[in-house]
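Below is one structure; the comments refer to it alone.
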């Protein structure tokens, strides 16, 4: 009987504990989501191969704080990006605008691709031309005869 | 054909080799040629405050430093040497540094600055596009940033770049 009571008490114990939903990381979920969206498009200046969203560097945290404040102040995404570019240059943008200084960056890969296709085309054409002239009609007949001969030894 | 490929290969090697010699940390600042961002900050260890507007009509240097910054130590003798010449005012922006640490650091290694201002939370540093302390700005009489050095100022840089530029701006 005593044991049963103990068991009952043990079973009832968890009722006293109430599970609560995990509190959101930041007070305002919408602000955080916009922050992440903007920060993913921005480069961290300290660790240059990381986005601002991913970086834990001191400056990145400061900049995220700035961006958060600007979001709360009702600034648009374009205004926030402009704030960063004014201070750190186009380099902070993972997708820099197309202008004279970034022309090579934007068009370079396509130029290389075109050059690759050109080389390939030249290669293929040369090879085709070489193949076409390898055998004369006479040689072809002899080759055919040899091949036929090899089928029935 | 083969010669063409070889030429293309070496052209690519040359291109990549040039790329390797460049420092990716040196990001050209968009602030060159723009007015130095305004601020008003307390001076380090003094009750007064400072705003860049007070420097109108003078060519001056703004040097961003911190006691926790290792390469500031490398740069420091160059600044001390420079301050002896009293060529132009040298003002420090003490960046994200507890003031007692900063004052101790200056007492220990010497204070080349006319004075420093305290940017405790780094907010002004952001306006100046600071991302790697030390950084140095040369500002002209009209309050326009004319030159920015990212990383320590070396004696060569001082002699070949900054001093000639000061001379030019003061003319």
*Of these, B:64, B:59, which one is over 17 Å from residue B:102 (Cα atoms) and at pLDDT 95 or above?*
B:59
_When you scan the stretch A:91-103, do you find a residue that is touching a residue at least 40 places away in the same chain (Cβ under 8 Å) and loosely packed, with under 11 Cβ neighbours inside 10 Å, even just one?_
yes
*Given (1) away from every other protein chain (no Cβ under 14 Å); (2) surrounded by 12 or more Cβ atoms within 10 Å (Cβ to Cβ); (3) more than 26 Å from residue B:171 (Cβ to Cβ), number of the condition residue B:81 does not satisfy*: (3)
*Could you list all residues from the stretch A:65-75 that are more than 8 Å from chain B (Cβ to nearest Cβ), surrounded by fewer than 20 Cβ atoms within 10 Å (Cβ to Cβ) and either touching a helix residue (DSSP H, G or I) at 6+ places or on another chain (Cβ under 7 Å) or modelled with pLDDT under 90 (or both)?*
A:68, A:70, A:72
*From the residues in the stretch A:95-112 that are more than 14 Å from chain B (Cβ to nearest Cβ) and outside any helix (DSSP H, G or I), which one is farthest from residue B:125 (Cα to Cα)?*
A:98
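If I go through the stretch A:76-94 residue by residue, how many of them are in contact with a helix residue (DSSP H, G or I) (Cβ under 8 Å, 6 or more places away or on another chain), more than 10 Å from every other protein chain (Cβ to nearest Cβ) and either within 17 Å of residue B:125 (Cβ to Cβ) or not in a helix (DSSP H, G or I) (or both)?
The number of residues fulfilling the criteria is 1.
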*Does residue A:121 satisfy being under 25 Å from the mean Cα position of the chain (by Cα) and at pLDDT 90 or above?*
no
*Do we find that residue B:87 is more than 14 Å from every other protein chain (Cβ to nearest Cβ) and touching a helix residue (DSSP H, G or I) at 6+ places or on another chain (Cβ under 8 Å) in this structure?*
yes
*For residues that are more than 9 Å from every other protein chain (Cβ to nearest Cβ) and exposed (fewer than 15 other Cβ atoms within 10 Å of the Cβ), scanning just the stretch A:51-64, find the one that is modelled with the highest pLDDT.*
A:61
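The values are calculated or read from the model by the stated rules, or taken from the named source; none is laboratory data. Because the structure is predicted, anything quoted here is derived from the model rather than measured. Heads up, the Cβs are rebuilt from the backbone with ideal geometry, glycines too, and the neighbour counts pull from every protein chain shown.
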